[in-house]
Amino acid sequence: MQFDSLGLKPELLRAVGEQGYTQPTPVQQKAIPVVLEGHDLMASAQTGTGKTAAFTLPLLQKLSERRAGHPRPRALILTPTRELAAQVHENLRAYGRHLNLKSLEIFGGVNINPQITKLKRGIDVVIATPGRLIDHMERGTVRLDAIETLILDEADRMLDMGFRPAIERIVKALPKQRQTLLFSATFSKEITEMASRYLNDPMRVETAPPNSTVEAIAQQAVRVDQKKKRSLLSWMIGSNDWRQVLVFTRTKHGANRLAKQLETDGLPAAAIHGNKSQGARTRALGDFKKNRIRVLVATDIAARGLDIDQLPHVVNYDIPNVPEDYVHRIGRTGRAGRDGLAVSLVSGAEHGLFEDIRKLVKVEIPTETMDGYEPTEPVSKGSPKSPARRSRGGGGGRGNRNGQKVSAQNRSGRGRQRGRGQGQRRAA
Ligand code: AMP
């Protein structure tokens with residue numbers, strides 16, 4: 001299927017062509033006509049599927065068809081994080097470059113005054129995180145009574161982050177007569193319930209089974225002791241000559257510490273997390289995209305919405321507590337059909353957590369150990385969240401239920417070896 005069969009206007013087709021897209025992705029094929037027809041939509045689409053264009057293109061078309069005679073925003077896109085808001089805005093600007101529509105991103109961590117000035121001048125589309133939007137509502141600096149389209153992007157994550165009451169307040173301030181689109185990686189009970197309240201007879205679009213991981217990504221687990229993870233990571237980056245690696249830690253503190261340690265190992269690195277100023281986050285991301293730093297260490301929340309072209313390597317330095325986060329994390333790589341490698345460093349205590357992930361993603365993730373980094377820690381059988389299960393851990397082998405090697409995992413295993421006899425791959 002081609003883009004020009006979707007009913008999009010020439011200005012949008014031109015912009016899409018300039019982005020280098022040749023074919024609409026499955027979610028775009030299904031969602032664009034539905035949105036153009038004016039239906040409400042509930043779409044399950046994970047990061048990397050092209051979901052942003054799936055809602056942005058028809059939105060821009062509809063806004064450009066009818067000009068507003070007033071300066072109030074006509075469309076509102078809510079996102080969980082600043083980074084995602086900025087990313088959606090970047091896409092919206094690229095797709096709308098041949099249309100004369102005004103858009104504004106609204107999020108915290110930056111001075112509110114320029115946002116107020118721009119809102120006064122007149123804006124068609126607002127892309128906002130819930131907290132800062134509420135701030136504007138309380139100050140009376142944004143009016144939402146002319147909103148025709150509401151888009152909830154990564155709705156599952158917004159709920160995870162506790163934005164439910166904020167969303168409720170925002171939706172109450174919107175006209176009842178509107179089009180509402182909800183995008184979510186998963187359709188949990190909470191999401192379905194939210195959809196039933198905010199959406200009107202929605203069409204459902206499901207492009208991938210919930211929680212499936214993007215196929216282009218090779219996934220691999222390495223069993224290693226917690227205290228050896230740092231040196232193994234440095235070794236893997238160095239010996240494989242990885243140039244752009246996104247590393248996930250569970251805590252902000254852990255992200256800071258690891259970035260410093262990697263620097264000490266001679267690997268230019270930076271950390272991004274919620275405690276960093278917006279300026280520092282933007283700078284770190286910019287340096288990473290321009291290859292000025294090799295490693296970006298991030299917490300889950302900070303990484304949400306990052307879109308880095310052709311990001312080849314993602315490393316789970318800590319295994320996420322919430323299995324769904326694994327899907328989001330590795331969705332950073334291999335985006336829109338490109339290849340990627342996602343490596344998880346699994347300590348003994350994290351064994352149970354990783355087993356939960358295996359069950360969720362339902363694909364085989366081969367487990368390896370590396371020479372010189374053989375695990376010695378006891379293996380926990382259950383999730384560390386449950387002390388009773390954890391205390392039963394110990395012994396129990398080396399988590400080798402997926403002992404076989406898969407060729408894909410070795411595609412980046414070439415390159416310079418440091419020749420210290422460590423880190424040779426070995427199937428566990
Ligand atoms: P998203 O899932 O919206 O975060 O998009 C993931 C990536 O896919 C972004 O880098 C987009 O620029 C890219 N993309 C979106 N649509 C297409 C398409 N039809 N063909 C190729 N790449 C696309």
Filter pass, ALA155 being within 16 Å of the ligand (Cβ to nearest atom), in the same structural domain as ARG66 (by TED's automatic domain parsing) and in contact (Cβ under 8 Å) with a residue 60 or more places away in the chain: no
Criterion violated by LYS227 - all others in (1) modelled with pLDDT under 90; (2) more than 22 Å from VAL322 (Cβ to Cβ) satisfied: (1)
Every residue from segment 139-152 that is surrounded by fewer than 19 Cβ atoms within 10 Å (Cβ to Cβ) and of a type in the set (Ser, Thr, Tyr): THR141
In segment 35-90, residue nearest to the ligand (Cβ to nearest atom) [restricted to those that are under 25 Å from THR282 (Cα atoms) and of a type in the set (Val, Ile, Thr)]: THR52
Those helices (runs of 4 or more DSSP H) lying entirely in segment 51-138 with at least 3 residues closer than 24 Å to PHE3 by Cα and open to solvent by less than 10 Å² (accessible area, probe 1.4 Å): 51-65, 82-95
Residue within segment 327-334 that is over 17 Å from the mean Cα position of the chain (by Cα), in a helix (DSSP H, G or I), modelled with pLDDT of 50 or more and of a type in the set (D, E, K, R) present: no
Some residue of segment 47-70 being touching a strand residue (DSSP E or B) at 6+ places or on another chain (Cβ under 7 Å) and modelled with pLDDT under 95: yes
Elements of type helices (runs of 4 or more DSSP H) in segment 171-279, at least 2 residues being open to solvent by 60 Å² or more (accessible area, probe 1.4 Å): 189-198, 252-264
Complete set of residues in segment 1-32 that are at pLDDT below 95, in a helix (DSSP H, G or I) and away from the ligand (no atom under 11 Å from the Cβ): ASP4, SER5, GLU18, LYS30
Close pairs from segment 102-122: first farther than 28 Å from SER64 by Cβ, partner open to solvent by less than 20 Å² (accessible area, probe 1.4 Å) and of a type in the set (Ser, Thr, Tyr), Cβ under 8 Å, at least 6 apart: GLY108/THR129
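The values are calculated or read from the model by the stated rules, or taken from the named source; none is laboratory data. Here the structure is a predicted model, which means the values were calculated and not measured. All Cβ positions, glycine included, derive from the backbone under ideal geometry; neighbour counts span all protein chains shown. Each accessible area value is taken on the protein alone, full model and side chains, heavy atoms only, with ligands, DNA and RNA left out. Shrake-Rupley method; radii C 1.70, N 1.55, O 1.52, S 1.80 Å.
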